[in-house]
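Take a look at the structure set out below.
A short reminder: the numbers here are calculations on the coordinates, not readings from a lab. These numbers were taken from a predicted model, which means no experiment stands behind them. Neighbour counts run over all protein chains shown; Cβ positions are idealised from the backbone, glycine included.
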Amino acid sequence: MSISGKVDPVVRPLVAADLAEALGKGLRDFQALPLYGLTFGALYAAGGILILLSLTAFGIAYLAYPLTAGFALIGPFVGIGLYEVSRRREAGEPVSFGAIWSTIRSHSEIGWMALVTLFVFVVWMYQVWLLISLLLGPNVSFASLSEFLRVVLTTNAGLLFLAIGTLDGAVLSLILFSLTVVSFPLLLDREVDFVTAMVTSVRVVVTSPLPMIGWAAVIVILLIVSALPYFLGLLVTLPVLGHTTWHLYRRIVEPLP
C-alpha cells in the first residue's frame, strides 16, 4: 500500500526488445508532433548555454565539464512536458502548450519530485567543487576549460580527481535514475504521492536491473554527446528520449483495471 492508502502500482518485467519498441514509439511521437519536442529540447539547450555563459562570465568556465556531465541528471524533470505530449497523443486528447501546462500545474506532487531532482544535481556540483579543493588545491584557479582538462588528464592528482568524480557521478546518476525513471510519468498518469512514485520507480529497476541499467547508460551517453556541440544536439535527443520514457512507463507499469 502507498502512504496515501491506495494500492501500489503493479510493475512488469522488461526485456531488451521492449526498449527498442519504446524507442520506436518515441521517435514516431517526435515525428508526429515535432514542434513540442523541438521547443522543450530548445529550452533544455538554452538552459545549458545560459549556465555555460554564466560560468564563463564569473571566470569558472572549467566547471563546464562537470556541469555537462551533471546536466543529464535533470533530464527527467525537463522531460515532463514531453511525457504529457505522448500521453495526450496516446489518449487521443488535444495537444497544446496551454493544456500541457495546465495538466502539470494540477499535479502538485510533480513539484516535490522536481525538488528531489534538483537537489541531487546541486549535491553533484558541490561534490565536484569539494573534490577540486581536496585534490587540486583549495585555492586552485584555471584560466580556461582547456587548462582544466590539461591538468585533469596529465597529472596524478587530476587523474585521481577524474576517477573519483566519474565513480561519484555514476553512483549519483544511478540513484536518481532509479528514483525517477517512471516517477514523473506515473505522477502525470495517476493520483499518487511522490514517495509512492519513487518507490515504484526503484521497484522497476530492481525487477529488470540489466535492461534498466542499459537504458540508463544509453540516456547518459546520448545526453552528454548531444551537449558537447553547445548543447544543440539536445534539440532532437531530449524529445526522443522523453517520448520513449513515456512508452517505457506504459510497458512497465500495469494500467489500472
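Would you calculate a helix-derived [θ] at 222 nm for the chain, using -39,500 (n - 2.57) for each DSSP H run of n ≥ 4 and dividing by the full residue count, to the nearest 500?
-24000 deg cm²/dmol
Sequence-distant or interchain residues sharing an amide H contact under 5 Å with Val253, placed H: which?
Here the answer is Arg12, since their amide H atoms fall under 5 Å of that of Val253.
Quick one: 3J(HN,Hα) in Hz for the stretch 213-228, Karplus 6.51/-1.76/1.60 with θ = phi - 60°, rounded, Gly and Pro as x.
For the stretch 213-228, the Karplus-derived couplings read 5, x, 5, 4, 5, 4, 4, 4, 5, 5, 5, 5, 4, 5, 7, 5 Hz, x marking Gly and Pro.
Between beta-carbons, use under 14 Å as the cut-off and find the net charge around Val116, counting Lys and Arg +1, Asp and Glu -1. If you can, show how the numbers build up before the last one.
Working: positive: none; negative: Glu109, Asp193.
Taking every other residue near Val116 into account, the sum is -2.
Could you tell me the relative contact order of the stretch 93-177? Use alpha-carbon pairs under 8 Å, at least six residues apart, and round to a whole percent.
26
Percent relative contact order of the stretch 99-255, based on C-alpha pairs within less than 8 angstrom and at least six residues apart?
Working: 101 pairs, mean separation 32.2, N = 157.
Relative contact order here is 20 percent.
Are there chymotrypsin sites (Phe, Trp or Tyr not before Pro) in the stretch 183-257 that DSSP marks as loop and that have at most 11 other Cβ atoms within 10 Å, and which are they?
Of the chymotrypsin sites (Phe, Trp or Tyr not before Pro), the ones in loops of the stretch 183-257 whose Cβ has at most 11 other Cβ atoms within 10 Å are Tyr230.
From the backbone phi of the stretch 152-164, what are the Karplus-calculated ³J(HN,Hα) couplings (6.51 cos²θ - 1.76 cosθ + 1.60, θ = phi - 60°) in whole Hz, Gly and Pro given as x?
Coupling constants for the stretch 152-164: 5, 8, 10, 10, 5, 5, x, 5, 5, 4, 5, 5, 5 Hz.
Compute the distance from the alpha-carbon center of the stretch 157-207 to that of the stretch 91-124, in whole Å.
Value for the Cα centre distance between the two parts: 16 Å.
Taking θ as phi - 60°, what are the ³J(HN,Hα) couplings along the stretch 192-198 by the Karplus curve (6.51, -1.76, 1.60), each to the nearest whole Hz, with x for Gly and Pro?
Residue by residue, the stretch 192-198 yields 10, 7, 5, 5, 4, 4, 5 Hz.
Just subtract the alpha-carbon distance of Asp8 and Ala217 from 0.36 nm times their residue separation and send over the number in nm, one decimal.
72.5 nm
Treat each spin label as a single point 7 Å out from the Cα along the C-beta direction, and report the Asn139 to Thr39 distance in nm.
For the pair Asn139/Thr39, the computed spacing is 5.1 nm.
So, R0 is 25 Å and r is the distance between the beta-carbons of Asp193 and Val123; what FRET efficiency does that work out to, to 0.05?
0.65
Given 0.36 nm per residue, what is the gain on full extension from Leu174 to Leu162 after removing their alpha carbon distance, in nm?
So the chain would gain 2.5 nm between Leu174 and Leu162.
Taking the Cα centre of the stretch 16-252 as origin and charging only Cβ (+1 Lys, Arg; -1 Asp, Glu), how large is the dipole, in debye to the nearest 20?
Numbers: 11 positive and 12 negative charges, 41 e Å.
In debye, rounded to 20, the stretch 16-252 gives about 200.
Within 10 Å, count the other beta carbons around each residue, average over each peptide in 112-119, 101-108, 196-203, and list them highest first.
Per-residue Cβ counts within 10 Å, averaged per peptide and sorted highest first, yield 196-203, 112-119, 101-108.
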